[in-house]
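Here is the structure we will look at.
FYI, it's all coordinate maths here, none of it is from the lab. Note that the structure is a prediction, hence the values are computed from the model and not measured. We place every Cβ from the backbone using ideal geometry, glycine too, and count neighbours over all the protein chains shown.
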Amino acid sequence: MCASSDSRGEHRPVEICADGLQYYSDALQGRVRSGDCPSCLLDLGLVQHLPDGSLAPIPPRLAGGAEMDRLERAIEEKRSSLGTLRASIAKAQEIYLDSYGKGDSGLIRVVQGSSAISATLSAAVHACQEELLTAQPGGQRPQELLDKALTSDLAALERGVAQRTIYQHMVRSHQPTLTYAERIVQAGGEIRTLDEVFNRLIVCDRRIAFIPDPAAERSEIALAVEHPGVVRYLVSVFDHAWQRASPMPAYPSNRLPPLLTDEVRRAILRHMVNGYTDEAIAARLGMSTRSVANHMRWAAELFGSRSRAQLAYLIARSGFLEDASE
C-alpha cells in the first residue's frame, strides 16, 4: 500500500509494499532499476531525489526519524486534549449533580420540552457503546422520525452496539416501519413485537434510562434516570416483555401472521371485556378505531351477540380469553 493520504487530505501511516522493499534493496546494492520509484519509498523518505535528478537510498533511521517525531508530537497533543476534555467533563458533572441535588435524588432529573428531549436522547444514543434497548408503544411512527432513527441506529450498530427494540404488532402492517425494521435487522439489530407495549423506554448501556412522565404529554416531559437500581428494574421490565414478544424477521411481510392476528384480536376483546371503549383500545394497541370496530364485528358474529354487554358476557363465559394464556 503506497497511499499516504485519504480523500480529505489527512495524513495516514504509509505501509511499505513488496515492490518498494525490492526496489530499496536493489538501490542499496547499486542496481539501478528501470521504471518509477514506488511512491511508498518517497513518502517514507527512504529514497530521495538528488540535485542531479537521480535517486539515492537513505538509511531507515534517518528517513523515519522526522516522521516518527511528528507522530509522537501528534499523539502527545491528543493525549493532552483528552486529559483536558476529561477534566472539563468531570467539573461539569459536579455542577450537574449539584444542580439536581445530592445523593440519589440527583440521579433522576426532568427534561422538559420536545427539543430538549430530542437533543438529550440523541446525545445519549450517540454516546452509547455497548447496548441500546428501546420500547416504542403505539402503531405507526412518522416517516421523518423513522428516517432520523434509522441514521442514528445504523451508526450505533456499526460501532458494535447491541440493539433490541420492541414495537406493537400493528407496525407489521405499516410499510415505512417495515422498511426501517428490515434495514435494522439486516445490520444486526433485533426487533420484536407485542400486542401491547408497557410504555416508552430507552436504555443506553444500562447506565441511563429515559421514560415519559405519566402525568404529562409524551412530547413535553421526560425523566432521565441514572439511579442504578431503577435502571436495573427498567431493564428487567424490558427483558420480561422481550421474552413474550414475537421476533421480526429480516425480511418482514406487510401482513400480520395468523398467530399474531389472533393475539391482537384476543387483546382487543380482553380490553373490551374490561370495559374499555373502542377509542381507548385503539390508543393502547396502536391501531385505528375502525380496525378495532372490525374486530368487534367479527366477534359479535362469532358469538351471536346483539349488544356490547352481551358480547362481553358471552366471551367471558366461553373461556375464549383464558385459552390464549395457556
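List of remarks:
- Percent antiparallel among DSSP beta bridges (both partners in the range 104-247, rounded to 5): 65 percent
- Cα-based convex hull volume of the range 258-324 per residue, rounded to whole Å³: 81 Å³
- Cα gyration tensor shape for the range 104-247, rounded if a/c is under 1.5, else prolate or oblate: rounded
- Sparsely packed chymotrypsin sites (Phe, Trp or Tyr not before Pro) within the range 153-201, loop by DSSP, other Cβ within 10 Å at most 16: F198
- Amide H contacts of I191: T165, M248, each under 5 Å away and 5 or more positions distant or on a separate chain (H built 1.01 Å from N in the peptide plane; Pro and chain starts excluded).
- Arranged from fewest to most other beta-carbon atoms within 10 Å of their beta carbon, R79, R284, R308 become R79, R308, R284.
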